[in-house]
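Everything on this sheet refers to the single structure shown next.
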Protein chains: 2
Amino acid sequence: MDELPTTPEAANHASTETVLKRAGIDPTPLRLAVIQVLAREGRALPAGDILALVQDQHRANKVTLYRILDLFVEKGLARRHSSGDRALRYCLEPGSAGRPHCHAYCLRCGRMECLPGVEGVVDMAALGPALAMEVVAVEVRIDGVCAACRRKPSVPETPVDAGSGNS
Amino acid sequence: MDELPTTPEAANHASTETVLKRAGIDPTPLRLAVIQVLAREGRALPAGDILALVQDQHRANKVTLYRILDLFVEKGLARRHSSGDRALRYCLEPGSAGRPHCHAYCLRCGRMECLPGVEGVVDMAALGPALAMEVVAVEVRIDGVCAACRRKPSVPETPVDAGSGNS
DNA sequence: TTCGTCGTGCAACTTTGTTGCATTGCCCGT
DNA sequence: ACGGGCAATGCAACAAAGTTGCACGACGAA
């Protein structure tokens, strides 16, 4: 299947090329590299990280990367999300199109994992009355400390906001 | 009452000064101006907007503003949120401390309104299995077009991201 | 061939936020 | 009153993320 699975073995040239073509995107080497990085990582990455990973194989410019990411977002292949830090993050739409998903952001290591879809998680009716809005998207982000980081000796590394001089 | 109500008439000097003191913050003129702007607006504002509003009354420097906002966040008076655009936004904790709330972000005019608390809106259990995380905060943002903007003739001004929606 | 378009690159720029350091004013102990 | 220290603020320079303008090469169509 070429439904953009995010498992590593699926991040091969053939399937990603098909995905690009079906989205109406010319599958250039750089675009293939970008989508393969996104598929391989399977989580929301800041553009800088994507660039670094792509540059492992290709000479690539950040402007071109931003343009490719914009194109992916515009064509519905990828999604742009805000994390707790300053950089926007990009991830593939896992599974079929248009199904938004939540994210888990680790305040300590900065990883942002994709979680299942937002349906059944957010009760839109619960905020319906206050929400006289035509809803386009729902962004849900869980901030916390991931399992891997909790196992670590908890070095206070001031990831986003922590100990900036308490009192 | 000095519980940080966000109604305009409550954004007076006396109540905000009390709020600051009770949070252990020395109520300087600038800090009072900042918290009064936040209380008066009652929504999540980017630092740039806050600075502009504060500067209507005070000479103020952006560095000082950022430090004041950091202090408010650290003391639990205000919250920092990411909007669809690049700037972080700040709003007061409406009501009592520690109760997080959702936001509605208008893609057209950029206003970000505060909505009721997140309890009852996000079903944490629904993503519990996938979430081996110590949860620190939950950020919920509804992106869409607010009622006021829908009534307008809909100038296509591509404010942040428009067409990035569902497929 | 020539033209136009597309993909990419480079440099310069903008926006947002941060850091380092100086200045001011207040409190406190003497 | 005096002087030291500290908290609050300001200024300038910096830093990171992202954007804009323009150039250049490849490639297909006329």
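Nothing in this text is a laboratory measurement; each read-out follows from the coordinates by a stated rule. Remember, it's a predicted structure, so these values are computed and weren't measured experimentally. In this analysis, Cβ positions are derived from the backbone assuming ideal geometry, glycine residues included, and neighbour counts consider all displayed protein chains.
Peptide B:66-73 has a mean of 1 when you count, residue by residue, the C-beta atoms of other protein chains within 10 Å of its C-beta.
Could you work out, residue by residue across B:140-149, how many beta carbons of other chains sit within 10 Å of that residue's beta carbon, and then give the average as an integer? Walk me through the numbers before you get to the answer.
Numbers: counts 10, 7, 11, 6, 8, 4, 4, 4, 2, 2.
Across the residues of B:140-149, the mean count of other-chain Cβ atoms within 10 Å is 6.
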